[in-house]
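Heads up: the structure comes next, in structure tokens.
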């Protein structure tokens, strides 16, 4: 494996392949910290259109006071447009950011490997396994995942997903690139959903499960907001896209993943919403109607798809259930070695998933609540709501020792 002799101390040359919203955000994030960025589309015209969209995005940010005019102009000057074939040869890092379609990503990644012989190559996938995508490479040692969060120019978190063949030197350089872009990296083990998508899906899908049980959607949303969330799980699904979340569940099934990674709590309800023409906020609405002005309200047709139960649970029970669902999945990721430390899990949950900062992070909340008390709560939830809540022997052991997660903290990245 050959890597560029340039160092991250000098402004790197970064290729971004894919000029959608995520690709534009990634390009802006690197250009804002001095990198030279090559924005690539499927052809030169597409690349030019992408750069024009970036210019429009920057102008909107300037108009809204989010960006100084001189800074916006400087960012745009550092971004050039090109094609994969012509623009990537001198790049130090190339990030693929095309839609979450395995066949499309494989084709694009194979083209990048040929066009950028000295670069680290990364996919901005939010959950497709790096090991599967690595099959597109003759040399998978220089390939890994760099999962940015939307909007990428503002969100500080980046998951670095390490494949089985990723070289240690590539991981160290990727960490330097991410830090150089002003982001907070966490290294995660390859696997379905990495850390952030797994934990966020647990939160979102628990909300859907509640709605399917007949819990009023307003109560679900209020419980989440009372915890400190900016949006409840159902409104967040509308924002991210009902159809997108459904596609992720179906892709996981098509990939023959374990049932727990196929979003079994949510898939049926999401499919019914999409069949009813409710694909998310950008497509007219989902769980909620979203007027141009005024507050969102539950979609009236939801009552026929997910009828409300006569008995409604107490707000405190809903709050605890949402927190436990998210904490249980985060603890499972820690137990399985998906994340290297509880500190990384807390950083990811606050910086990438909108977990309330006042609670310190999802694993810090679990510690503050008490692992013994959490285990007891999970033992009450599991018979009523499903095996997903059951504590493992590992968690029971931690609770019995009364040490919290101290053994999993203070582990700094290289």
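The values are calculated or read from the model by the stated rules, or taken from the named source; none is laboratory data. Note that the structure is predicted; figures quoted are calculated from it, not measured. Because the Cβ atoms are built from the backbone with ideal geometry, glycine has one as well, and the counts that use them run over all protein chains shown.
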Item to check | Residues of segment 325-343 classified as in contact with a helix residue (DSSP H, G or I) (Cβ under 9 Å, 6 or more places away or on another chain) and more than 17 Å from residue 233 (Cβ to Cβ), total | outcome: 11
Checklist outcome for this item: All conditions in (1) assigned to a helix (DSSP H, G or I); (2) buried (at least 24 other Cβ atoms within 10 Å of the Cβ) are true of residue 252 except (2)
Checklist outcome for this item: If we keep only residues of segment 217-226 that are over 23 Å from the mean Cα position of the chain (by Cα) and buried (at least 16 other Cβ atoms within 10 Å of the Cβ), then the residue nearest to residue 314 (Cα to Cα) is 219
Checklist entry - Here are some residues: 374, 353. Which one is surrounded by 19 or more Cβ atoms within 10 Å (Cβ to Cβ), at pLDDT 95 or above, touching a helix residue (DSSP H, G or I) at 6+ places or on another chain (Cβ under 7 Å) and farther than 17 Å from residue 197 by Cβ? => result 374
Item to check | Among the residues listed as 32, 73, 68, the single one being under 26 Å from the mean Cα position of the chain (by Cα) and surrounded by fewer than 21 Cβ atoms within 10 Å (Cβ to Cβ) | outcome: 32
Item to check | In segment 130-156, the residues that are surrounded by fewer than 21 Cβ atoms within 10 Å (Cβ to Cβ) and within 20 Å of the chain's Cα centre (by Cα) | outcome: 131, 132, 150, 151, 154, 155, 156
Next on the checklist: Suppose the filter is closer than 20 Å to residue 195 by Cα, free of Cβ contacts under 8 Å to residues at least 40 places away in the same chain and assigned to a helix (DSSP H, G or I); does residue 133 pass it?
Outcome noted: yes
Checklist entry - Does residue 202 satisfy the criteria of being under 21 Å from the mean Cα position of the chain (by Cα) and within 25 Å of residue 358 (Cβ to Cβ)? => result yes
Next on the checklist: If a residue counts only when it is in contact with a strand residue (DSSP E or B) (Cβ under 6 Å, 6 or more places away or on another chain) and free of Cβ contacts under 8 Å to residues at least 40 places away in the same chain, which helices (runs of 4 or more DSSP H) contained entirely in segment 1-101 have at least 3 such residues?
Outcome noted: 44-63
Checklist entry - Restricted to segment 299-309, and to residues that are touching a residue at least 60 places away in the same chain (Cβ under 8 Å) and outside any helix (DSSP H, G or I), which residue is farthest from the chain's Cα centre (by Cα)? => result 309
Item to check | Residues of segment 389-408 satisfying the condition of being in contact with a helix residue (DSSP H, G or I) (Cβ under 7 Å, 6 or more places away or on another chain) and either surrounded by 16 or more Cβ atoms within 10 Å (Cβ to Cβ) or in a helix (DSSP H, G or I) (or both) | outcome: 389, 391, 394, 395, 396, 398, 399, 404, 405, 408
Checklist entry - Name the pairs whose Cβ atoms lie under 7 Å apart, with the first residue in segment 371-385 and in contact (Cβ under 8 Å) with a residue 60 or more places away in the chain, the second surrounded by 13 or more Cβ atoms within 10 Å (Cβ to Cβ) and in a helix (DSSP H, G or I), and 6 or more positions between them or separate chains? => result 381/321; 381/324; 381/389
Checklist entry - Would you call residue 326 free of Cβ contacts under 8 Å to residues at least 24 places away in the same chain, closer than 30 Å to residue 369 by Cβ, out of contact with any strand residue (DSSP E or B) (no Cβ under 8 Å at 6 or more places or on another chain) and surrounded by 18 or more Cβ atoms within 10 Å (Cβ to Cβ)? => result no
Checklist entry - Is it the case that segment 166-175 has a residue that's more than 23 Å from residue 337 (Cβ to Cβ), touching a strand residue (DSSP E or B) at 6+ places or on another chain (Cβ under 6 Å) and either modelled with pLDDT of 95 or more or surrounded by fewer than 24 Cβ atoms within 10 Å (Cβ to Cβ) (or both)? => result no
Item to check | Whichever residue in segment 312-340 is part of a loop (DSSP other than H, G, I, E, B) and at pLDDT 95 or above and, among such residues, is farthest from residue 209 (Cα to Cα) | outcome: 337
Checklist entry - Mind checking which residues of segment 115-130 are farther than 27 Å from residue 199 by Cα and modelled with pLDDT under 95? => result 117, 118
Item to check | Any hit, segment 149-163, residues being part of a helix (DSSP H, G or I) and within 19 Å of residue 342 (Cα to Cα) | outcome: no
Item to check | Qualifying positions in segment 113-129 - touching a helix residue (DSSP H, G or I) at 6+ places or on another chain (Cβ under 8 Å) and in a loop (DSSP other than H, G, I, E, B) | outcome: 119, 124, 125, 126, 127, 128
Next on the checklist: Against the definition (surrounded by fewer than 14 Cβ atoms within 10 Å (Cβ to Cβ) and either over 25 Å from the mean Cα position of the chain (by Cα) or not in a helix (DSSP H, G or I) (or both)), how does residue 358 come out, yes or no?
Outcome noted: no
